[in-house]
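S.K.: Okay, here's the structure, questions in a sec.
Computed from the coordinates by the stated procedures, all read-outs in this text should not be read as laboratory data. Computed from a predicted structure; not experimentally measured. A quick note on method: Cβ atoms are made from the backbone with ideal geometry, for glycine too, and the neighbour counts reach across all protein chains shown.
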């Protein structure tokens, strides 16, 4: 027995006792081909049921959406500092690495056909342990019908929630939390999906929910919404009338018919009324004058396809027109469409979009949601989870556990990939801190972190997907090697490899599956997949070793810098920063070198650098600026561990401090490639402080602050800097010399100083932002405009990208920008 | 006002003055005239298939063109065409207006005297509105013809007058709405009766053919026509009937016609009426309405499609919107769903059906009213929503389906009209158009829906001459131009 999941997941062992009627099912397909249903054991769908609670269910006319909250045990990498006082540190590693369990919250949403409901409930019942749940929140038209069944099967009390309240709650939740949730549909564009940047203010908007009828709701705030109108001509009309006209029973089949039909055979067009005069009159003869106006006869047969198409046009146009009239009356320009009539059907989105453009003359935008089908379930869940305050947290889409948007290409859709029998999943992980904008952004509402939109740029997309594919084996190998004591590490590494491979194949076919495709999203997806298989930090050992080596060179680097004259020193510092940035395990060109040339060091890296003038070179301006008054405070986003942070960034920081500039050094909260993490940065800082009085006094006097970005991405989204926890450096270590360096239980020399980065940046009057590395300064933020001076620097360690930017590999980007007054 | 509102209002323009209209710019006027049009993005999709009334009309036209040639005198084909206008209708009709007589009178053409003119256009006075489905023809029959005038009246003019006034049906499809006839009307100083005639647009070629056979062109009259068909058939009038049409903007004509007919009244009765207590089936009754100060009003013209106009004064009006869900949709869907072939048949079926078997009502979903949104249980939640179920599809009758189609289309028009009224801040909505002919169900539903959903703020008004205002307007243009 199979259930079919339209994710790219590979099956994990068959033979689980999961009896389910097979309906139109197909066997498991081989790898590589997309758009197939893959046999998958149900525990891959209903995941983490052990600790599941707060169930909610949304039962529509044909699809059931189940939601629950669960906790996931994650392996997280921790670094532990030794107390080195009085010991010989030469032969010991800098710090210890260990893997700990951490519990994080996750929201699970699963969508499946109503026919599976009984089997699914059985499965859930059998696997539900440790739950104190007594109640299941239910919404949707079918909640009534299945009430008894749910109560009997799950032993939970069904608590019904208002459909529209759930929809709105769900919609607000998605709009707030998921970037690229919203898209406009463009038929004739290369990219059908035009994803929208999340606007900080999502209200007011119009939600047009097209179920069997149409509800038009004006949403003004989180809790305030009003049903302002509706129409009885909706999805039920298409389905009911369509079934009568074409004798086709299924909704999806009707749409399939419609996509093949010619409505002009059935509709009376303007040119049918005006004749050939349309052209000379400048009339658009293709406009429909009267829907079904040509079928006013008993003695002609019309094709099913043509009638279905005509019906679809009629209904879509009508809904679009009414929506525009309501939008106009209430002065709104954003209309989100949802409901089963839309359900991602391209032909419907196309006609609705056209209608809205036509009737509003382009003043109103028709918008669709990637997770539209889950609105009700999310809302019902939120109603039931109010105690847990899910709204006070931020949630992020887990790319590893979510199915993504389905293909809409006409040859694939909708029949080839039958909806029936497929399961669709959506998972969100709780981010521990709320998301805020970096206050230094010039215009947060127009800020787009990513430099290249790979959904748009087919060439770049092809390149990067291949690039990630080629690097995959290496990453998997590195992951397995990072856990030498774990017996199943090679097996998990292989699963990771397979999963990420499949994600990449999905994205080749459906670049829009998870919103706008970018290098950042590819990197993030890889991190999610690594975490999925418990590889929290594959580069931990590499980083440990490199940090140790680099620290040993710190003093000699400082000495040689100090021996230089001022102007030479400034250049050497910048060059050091750039050379450090060469050490990037994420770049294949570099990792190849590092794998086979273990002696490749700081000096070798310097020699690889492009000579001035650099590809992007504003060094002279920067030097001029340095001759002027010192900056008040610099915010630095660091990149790699080892030589980069220790021999590149810290000397640079030291120079800034010497000039009288305060420094906020921001590192990732979680691991990503060989990027330096916040906890690692603390140890490194501590060790440098022990060697260098400038750094030490700066830490003591809080002129140098170490902060975490909240991110575990090799890229940087300046809109989403998490709450940061700044630690205060203590002159004398406390008794607990061996303590885990975690956010809550930190190292000996630091004490907690909670403050948001936003507050800190304002408080210290930050007037310089330095962004380092390819991920943060080129893939993202290359075009980011800031309110203050900024320095973006990176070495391009990828020949294709270098070529694109008009340079060669190891070209240097040194972009110093001063905001225009 | 919303930004959209401001922008739209800027489109309004005064009507062009007087005679200039003959050559009025068609761009703006014609665009507004595509009132009912609704968007579709597929362009250039070829019109395929054959067999519909439309195709039939085209086909019938073709052989004549080919056979007769553009410049030749059209051949007589009445025997081949049983549905012809002047075919075997009523006995009197065919006797009075046989083509032979017409031809026989041909020699007298062009001998008319100037005494008839007196700053008036020559008789016959017609106004023609060629819509997508129906052609509406108004004919002014002068009753003050003096004996002298009668003597002078050319033969074929007399024939036309007699043919039209002595028949109530022309061919198998032409019908004179006798009950609408306006008696003792004074137009341009002439007293007479105004006749209202309609026939399907697909019989237009036959009509032109007849005009040709009766040597209509010899009367040297101007034929004023409006509606899309004025453009579509212009060339046919010219080549087949040797007639130059004077094409008129259909919205101009519509408004002109409405204002005129309302001003002259309906043979001493009020042209305009409304339904009192529309929400109360027991007490609901049709009552006259005084439209003396009509502005502003929202004019909803329901033909094959629907046009909605905001009228602020005789000269200041604006096309607000339109929908393709109109009378043509009702009739077209009814034909497909029930196999009926006439509007009358469709209406008859609808009047015996029960739409609640077909539609999903609010109470079908919520068991009663949906109080949260203030939706009454009887409101339709999903038109044809019950038809999603196979069992229910098998249990409904054709009558139920016809009724549901009627209710769906009517409610939708009501809904769009109501939104437009709100957006335009107008509270009187006048519904016209042939969709309302023999259609009390729709009229009462519109009255009810507007009253209910606006909580009594909006009033639905109706006019007795439903679909003829465009044709009347065309006639008035003829007289104005003289």
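S.K.: If you count, for each residue, the other Cβ atoms within 10 Å and average over each peptide, how do B:242-253, A:601-612, A:204-215, B:419-430 line up from highest to lowest?
M.R.: Per-residue mean Cβ counts within 10 Å order the peptides as A:204-215, B:242-253, B:419-430, A:601-612.
S.K.: If you count, for every residue in B:315-328, the Cβ atoms of partner chains within 10 Å of its Cβ, what is the mean?
M.R.: Whole-number average of other-chain Cβ neighbours for B:315-328 is 5.
S.K.: Moving to a separate point now. In units of 2.2 N^0.38 Å, what is the alpha-carbon radius of gyration of region A:138-277?
M.R.: Compactness ratio reported: 1.40.
S.K.: Determine, for each peptide in A:621-634, B:460-473, A:510-523, the mean count of other beta carbons within 10 angstrom over its residues, then list the peptides with the highest first.
M.R.: B:460-473, A:510-523, A:621-634
S.K.: For region B:430-472, take the convex hull of the Cα atoms, compute a quarter of its surface area, and give me that in nm², please.
M.R.: Answer in nm², one decimal: 3.0.
S.K.: Restricting everything to alpha-carbon atoms, can you work out Rg to Rh for region B:387-436 with a Kirkwood hydrodynamic radius?
M.R.: Answer for region B:387-436: 1.18.
S.K.: So what's region A:670-713 giving for Cα Rg divided by 2.2 N^0.38 Å, two decimals?
M.R.: 1.26
S.K.: Would you calculate, for chain A, the mean residue ellipticity at 222 nm contributed by helices, counting each DSSP H stretch of 4 or more residues as -39,500 (n - 2.57) and dividing by all residues, to the nearest 500?
M.R.: -11000 deg cm²/dmol
S.K.: Further question on the same structure: Take the alpha-carbon centre of region B:390-437, take the same for region A:134-189, and report the distance between them in whole Å.
M.R.: 32 Å
S.K.: Using the Kirkwood formula over every pair of different C-alpha atoms, what hydrodynamic radius in Å results for chain A?
M.R.: Its Kirkwood hydrodynamic radius stands at 28.8 Å.
S.K.: Over all alpha-carbon pairs in region A:458-533, figure out the percentage whose distance exceeds 22 Å.
M.R.: So the portion of pairs separated by more than 22 Å is 23 percent.
S.K.: Wrap a convex hull around the Cα atoms of region A:351-396, take a quarter of its surface area, and give that in square nanometres.
M.R.: 4.8 nm²
S.K.: Relative to the longest principal axis of the C-alpha atoms of chain A, give the angle of the C-alpha long axis of helix A:235-246, reported between 0 and 90° and rounded to the nearest 10°.
M.R.: 50 degrees
S.K.: Something else now. Report, to the nearest 10°, how far helix A:566-580 tilts away from the longest principal axis of the Cα atoms in chain A, using its own Cα long axis and a range of 0 to 90°.
M.R.: Long axis of A:566-580 versus the principal axis of chain A: about 50 degrees.
S.K.: How many Cβ atoms of partner chains, on average, are near each residue of B:337-346 if near means within 10 Å of its Cβ?
M.R.: 2
S.K.: Moving on. Once you average over the residues of A:209-221, how many Cβ atoms of partner chains fall within 10 Å of each Cβ?
M.R.: 2
S.K.: Jot down the per residue volume, in cubic angstrom and as a whole number, of the convex hull over the alpha-carbon atoms of region A:499-625.
M.R.: Spelled out: Cα convex hull of region A:499-625, divided by residues, is 162 Å³.
S.K.: Please work out whether region A:417-547 counts as rounded, prolate or oblate from its C-alpha gyration tensor, where a ≥ b ≥ c are the square roots of the eigenvalues and a/c under 1.5 means rounded, while otherwise a/b larger than b/c means prolate and anything else oblate?
M.R.: oblate
S.K.: Listed highest first by mean packing, meaning other Cβ atoms within 10 Å per residue, what order do B:169-177, A:106-114 come in?
M.R.: A:106-114, B:169-177
S.K.: When DSSP assigns beta bridges and you keep just the ones with both residues in chain A, what percent turn out antiparallel, to the nearest 5?
M.R.: Of all bridge pairs located within chain A, approximately 65 percent are antiparallel.
S.K.: Take the alpha-carbon centre of region A:492-509, take the same for region B:311-337, and report the distance between them in whole Å.
M.R.: Cα centroid of region A:492-509 versus Cα centroid of region B:311-337: 55 Å apart.
S.K.: If a/c stays under 1.5 just call it rounded; otherwise compare a/b with b/c (prolate if a/b is bigger, oblate if not). Do that for region B:349-458, with a ≥ b ≥ c from the square roots of the Cα gyration tensor eigenvalues.
M.R.: oblate
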